[in-house]
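Peer 1: Dropping the structure in here first, questions after.
The values are calculated or read from the model by the stated rules, or taken from the named source; none is laboratory data. Note that the structure is a prediction, hence the values are computed from the model and not measured. Here the Cβ is made from the backbone with ideal geometry for all residues, glycine too, and neighbour counts use every protein chain on show. The area values use the complete protein model at the heavy-atom level, side chains included, leaving out ligands, DNA and RNA. Shrake-Rupley method; radii C 1.70, N 1.55, O 1.52, S 1.80 Å.
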Amino acid sequence: MAEKISFEAPRGMRDFYPEDMAWRNRVFDAFRAAGEASGFEPYDSCVVESYDLLARKAGEEVGEQIYHFFDKSERHIALRAEMTPTLARMVAQRQKELQFPLKWTTIAQCFRYERMTKGRKREHYQWNIDIIGEDSILAEVEVLQAACDALIRMGLSSGDFKVHVSSRKFLGELLQKSGIPPEKHAQVFLALDKRGKMPDAEIAAMLKDGGLSEDEVKATFAIMDTKSYEDSPELKELFRLAEIAGFADCLEFDISVIRGLSYYTGIVFECFDTAGEFRAIFGGGRYDNLLTTIGGEPTSAVGLGFGDVVVTELLKSRLGEKAAKEKKGVAVGFMFPEQRDAALKLAASLRKQGYSVNLQLKNQKPKKFFSHADSSMAAKAVFLGPDDVEKGVARLKDMQTREETEITL
């Protein structure tokens, strides 16, 4: 006897039923609208990438974190875990032809084989917005403004989230002033990025293993208490410009934001819900050296990755599980087969007028029809009986107020 097939999606992957798609559409619509409002051009790419490209960007240990395999021609390829390496490859491929700065955006399906925790799946969608070829802090401002705009469009307020902002450059300067040489900074960044995920004693052990003395470890932890960014010209300029743009209330300085990835070079940021219930909503920063890592010409860049999983959980928590199921459109039904043609004609007429119309496909009793319409996405409903067709007039019912208005068939 054949083994029974499981109806569950593969572990860490997701199915999207209509109620899930309502949330996904709410999030994606906000992504697209915010990107378009800030002048970002959409792009896309294949979901598989060369394994060598990903390994060059993230190191050979990337093999433990991604889905990779050899195809029938023995090419080593992988499902993309993020979009940044692909973006770098695409820009490098046409670097001589493109007009900089570029403002590009995409919503990419990404796959990462890792331990699942709250807010982390093995498959997710990620909104990426990047500005390539611009040295000015205005690039960071544009990226952050678009991300905050997207959250507002989803239905959140600046009281629901804060973008924690720091600077790898500023942190490096503080470390150097404390006597910690630049050659040890990469190890410090890597260790401090894990702060909050493991005890400070383990962080200290990582720092010592990386070659820091006892005094250097103490100095590193003391720097983590820095509350002012006044000594950082780039951070001062960022907050000044954010004030002018009207979203400074969404930002706060946080020296502990490190971003563990080695390719970040300047300002870095992570967004969290203010209640501290969830993982980071999005993260990013300036990465001026990535194109040279894969063989391209030196080019400045700023970008962020904004996943759909955490923000959807946050929206459900703040707005309610059913908030995405917006009532819109018209449901049209009929009592007997003889009214079917009239119902079809009415549905076609309403669709031509721009309405979304859900036409019931067989005759029903009024109670069943209105019960189904009430539980659907319909904001209004029309039910045709023999008298309605004979008179050429029907009643359009508002499903929330229950008010009825006459319409001509």
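Peer 1: So, A348, is that one open to solvent by less than 80 Å² (accessible area, probe 1.4 Å), part of a helix (DSSP H, G or I) and more than 18 Å from D398 (Cα to Cα) or not?
Peer 2: For A348, the condition - open to solvent by less than 80 Å² (accessible area, probe 1.4 Å), part of a helix (DSSP H, G or I) and more than 18 Å from D398 (Cα to Cα) - is met.
Peer 1: Given the criterion open to solvent by less than 60 Å² (accessible area, probe 1.4 Å), closer than 30 Å to R122 by Cβ and out of contact with any Leu (no Cβ under 6 Å at 6 or more places or on another chain), identify the matching residue among V311, V393.
Peer 2: It is V311.
Peer 1: I want to confirm something. Restricting to the stretch 363-384 and keeping residues that are part of a helix (DSSP H, G or I) and not hydrophobic (A, V, I, L, M, F, W, C), which single residue is most open to solvent (accessible area, probe 1.4 Å)?
Peer 2: K367
Peer 1: Further question: Taking L54 as meeting all but one of (1) over 20 Å from Y264 (Cα atoms); (2) of a type outside the set (S, T, N, Q); (3) at pLDDT 80 or above, write down the number of the exception.
Peer 2: All conditions are met except number (1).
Peer 1: Right, another one. Scan the stretch 12-32 for residues that are closer than 14 Å to H124 by Cβ and among the basic types (K, R) and jot them down. Break it down stepwise before answering.
Peer 2: Start the filter on the stretch 12-32 by keeping residues that are closer than 14 Å to H124 by Cβ, which leaves 12-16, 20, 23-24, 27-28, 31.
If the condition is that a residue be closer than 14 Å to H124 by Cβ and among the basic types (K, R), then R14, R24 are the ones that fit.
Peer 1: While we're here: Just to be sure before I move on: is D273 within 19 Å of the chain's Cα centre (by Cα), surrounded by fewer than 22 Cβ atoms within 10 Å (Cβ to Cβ) and at pLDDT 95 or above in the structure I sent?
Peer 2: Against the criterion (within 19 Å of the chain's Cα centre (by Cα), surrounded by fewer than 22 Cβ atoms within 10 Å (Cβ to Cβ) and at pLDDT 95 or above), D273 qualifies.
Peer 1: Another question about this same structure. Can you tell me which residue is modelled with the lowest pLDDT among those in the stretch 351-362 that are surrounded by 14 or more Cβ atoms within 10 Å (Cβ to Cβ) and closer than 17 Å to D398 by Cα?
Peer 2: Going through the stretch 351-362, the residues surrounded by 14 or more Cβ atoms within 10 Å (Cβ to Cβ) turn out to be 351, 355, 357-360.
Remaining after also requiring closer than 17 Å to D398 by Cα: 355, 357-359.
On the way: Y355: 92, V357: 95, N358: 95, L359: 96.
Only one residue fits best here, namely Y355.
Peer 1: Sticking with this structure for a sec: Within the stretch 240-336, which strands (runs of 3 or more DSSP E) (wholly inside it) include 2 or more residues that are aliphatic (A, V, I, L, M) and in contact (Cβ under 8 Å) with a residue 40 or more places away in the chain?
Peer 2: Correct list: 267-273, 301-307, 330-334.
Peer 1: Return the residue satisfying two criteria in turn: it lies in the stretch 179-218 and is under 16 Å from I258 (Cβ atoms) and small (G, A, S), and of such residues it is surrounded by the fewest Cβ atoms within 10 Å (Cβ to Cβ).
Peer 2: Looking at residues that are under 16 Å from I258 (Cβ atoms) and small (G, A, S), I get G196.
Peer 1: Just to be sure I understand the filter: pairs with C-beta atoms under 9 Å, separated by 6 or more residues or on different chains, first member in the stretch 99-118 and modelled with pLDDT under 95, second member open to solvent by 40 Å² or more (accessible area, probe 1.4 Å) and aromatic (F, W, Y). Which pairs pass?
Peer 2: F111/Y67; R112/Y67; Y113/Y67
Peer 1: Could you list all residues from the stretch 342-394 that are of a type in the set (S, T, Y) and closer than 29 Å to A323 by Cα? Before you say what the answer is, go through the steps one by one.
Peer 2: Going residue by residue through the stretch 342-394, those that are of a type in the set (S, T, Y) are 349, 355-356, 371, 375-376.
Correct list: Y355, S356, S371, S375, S376.
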